[in-house]
Amino acid sequence: MKNLSMGFVVFLLLGCAGNKKIANNSFLKTAFQNDFLIGTALNVPQIENKESKAASLISNEFSSITAENIMKCEIIHPGWEQYNFNRADEFVEYGQQHHMFIVGHNLIWHSQLSPFVQKITTSDSLMLFMTNHINTIAGRYKGKVNGWDVVNEALNEDGTMRKSLFLEKLGDGYVIKAFELASKAAPDAELYYNDYNIEQPKKRAGAIALIKSIQAAGVKINGVGIQGHWSINNLPLNELENAILEFSALGIKVMITELDLTVLPNPWDLKGADVNQNFENSAFMNPYPNGLPDSIDTKLADSYESLFKLFLRHKDKISRVTFWGVDDGHSWLNNWPIKNRTNYPSLFDRSLNKKTAYKKVIKLASKNK
Ligand code: G3I
């Protein structure tokens, strides 16, 4: 628990007290409670508790929640003076009610911006937007949201800064400014930089330089989120281990923030394939529409097992592992990069049953005790 703040530890203990069922290791959050938080991203029906089986599963299994979409700019801040807090308020209440570590996702991201932001043409106006946005949103949930993805996906694959609206109008200092604003608006919240593929050497070097620049400016940054959108056909275990070590050496917490493992072919893996070929809805690109074959179920389980072995080896550096969605049926990977496929990236199947991967992962926790 050394990575967690004392306040949150008390909070978590209060949440566990009174529920005898979770005094054992039969749920993820208790199995790993001495190692790291176990989180999930939540979407709207889950926040609204519309599905009763999901509701008890989520509160039993997970000690942390992240808003999958509802805190993104296009939803929470649709106009200059217009904020839409209904869903986000429900999400935060849900987390408080279940004594969970609440993660806000996210404050500054080039994607899913509201149309009014995309139309901003001057640096002053964009700075005004960023200031209002962070002050209003991080300020509203001050003392309630425990950690914020302050800046999301600011880097290119080669480690250079992504040419976003923010970079173009505000220069690369915008990242430091965003962290500074967030630290003032929500002084008790942990502040994170969050990105995908930052386990890969070039992008990792870019992330390290970015984090060092925030630290050198004397601005607070508590952690880095390695998103973890990987494939069972290409698990970057060595690079990930190097990344955990190098990020941790910066004196910050390391988190796996958006974990899911695709079992389907990705278009960009088909080297040499005719680019004009239409893979959409083809049996080749959507090979398991009627169920996950045992061999792939096993491969998925082995992949999760290797990952969690690595996470446990570095549990002193890792504060949270968050899955990007509760179950296979709710995963964004059913619609990306090709729409309407049937993917199986999670520990729970479409009926919320535990998959082989779940069983292998939870077994590791008990071996670890
Ligand atoms: O809710 C609307 C629905 O009303 C409408 O009918 C439907 C039509 O397409 O769209 C629905 O919204 C979709 C939303 O997910 C909710 O399902 C959006 O089109 C779709 O773009 C959106 O995708 C999300 C994506 O980020 C873009 O915001 C995914 O759910 C979400 O999992 C994904 O998450 C991102 C992280 O924030 C950052 N890291 C990468 C990760 C995966 O892309």
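Hey, does region 90-110 have a residue that's assigned to a loop (DSSP other than H, G, I, E, B) and under 30 Å from L167 (Cα atoms)? Scanning region 90-110, I find at least one residue that is assigned to a loop (DSSP other than H, G, I, E, B) and under 30 Å from L167 (Cα atoms), so the answer is yes. Summed over region 164-182, the residues that are open to solvent by 30 Å² or more (accessible area, probe 1.4 Å) and either under 20 Å from the mean Cα position of the chain (by Cα) or among the hydroxyl-bearing types (S, T, Y) (or both) give a count of 0. Condition first: touching a Phe, Trp or Tyr at 6+ places or on another chain (Cβ under 8 Å), at pLDDT below 95 and within 16 Å of the ligand (Cβ to nearest atom). Now tell me which residues in region 224-273 satisfy that. Correct list: P267 only.
Among residues of region 145-159 being more than 18 Å from the chain's Cα centre (by Cα) and either away from the ligand (no atom under 16 Å from the Cβ) or not polar (S, T, N, Q) (or both), the one that is surrounded by the fewest Cβ atoms within 10 Å (Cβ to Cβ) is D158.
Among the helices (runs of 4 or more DSSP H) confined wholly to region 21-87, which include 1 or more residues that are away from the ligand (no atom under 16 Å from the Cβ), small (G, A, S) and over 30 Å from L310 (Cβ atoms)? Lay out the reasoning, then the answer.
On the way: elements: 28-31, 44-47, 52-61, 73-76.
So the answer is 52-61.
Within region 346-368, residues that are touching a residue at least 40 places away in the same chain (Cβ under 8 Å) and more than 22 Å from K53 (Cβ to Cβ) reach partners that are assigned to a helix (DSSP H, G or I) and open to solvent by 50 Å² or more (accessible area, probe 1.4 Å) with beta carbons closer than 8 Å, at six or more positions or on different chains, in the pairs K360/D302; L364/K309. The residues in region 196-227 that are surrounded by fewer than 23 Cβ atoms within 10 Å (Cβ to Cβ) and under 15 Å from the mean Cα position of the chain (by Cα) can be counted, and the count is 3. W230 meets all of the listed conditions (1) closer than 30 Å to T342 by Cα; (2) of a type in the set (F, W, Y); (3) part of a helix (DSSP H, G or I) but one, namely (3). Against the definition (part of a helix (DSSP H, G or I) and under 25 Å from V117 (Cα atoms)), how does A205 come out, yes or no? For A205, the condition - part of a helix (DSSP H, G or I) and under 25 Å from V117 (Cα atoms) - is not met.
Checking each residue in region 322-354 for being more than 11 Å from the ligand (Cβ to nearest atom), part of a loop (DSSP other than H, G, I, E, B) and of a type in the set (K, R) picks out R341, R350. Just one residue in the set M100, M130 is open to solvent by less than 30 Å² (accessible area, probe 1.4 Å), touching a helix residue (DSSP H, G or I) at 6+ places or on another chain (Cβ under 7 Å) and not hydroxyl-bearing (S, T, Y); that residue is M130.
The values are calculated or read from the model by the stated rules, or taken from the named source; none is laboratory data. Just so you know, these numbers come straight off a predicted model, no measurement behind them. So basically every Cβ, Gly included, is an ideal-geometry build from the backbone, and we count neighbours across all protein chains shown. Accessible surface is based on the protein model in full, side chains and every heavy atom, while ligands, DNA and RNA are left aside. Shrake-Rupley method; radii C 1.70, N 1.55, O 1.52, S 1.80 Å.
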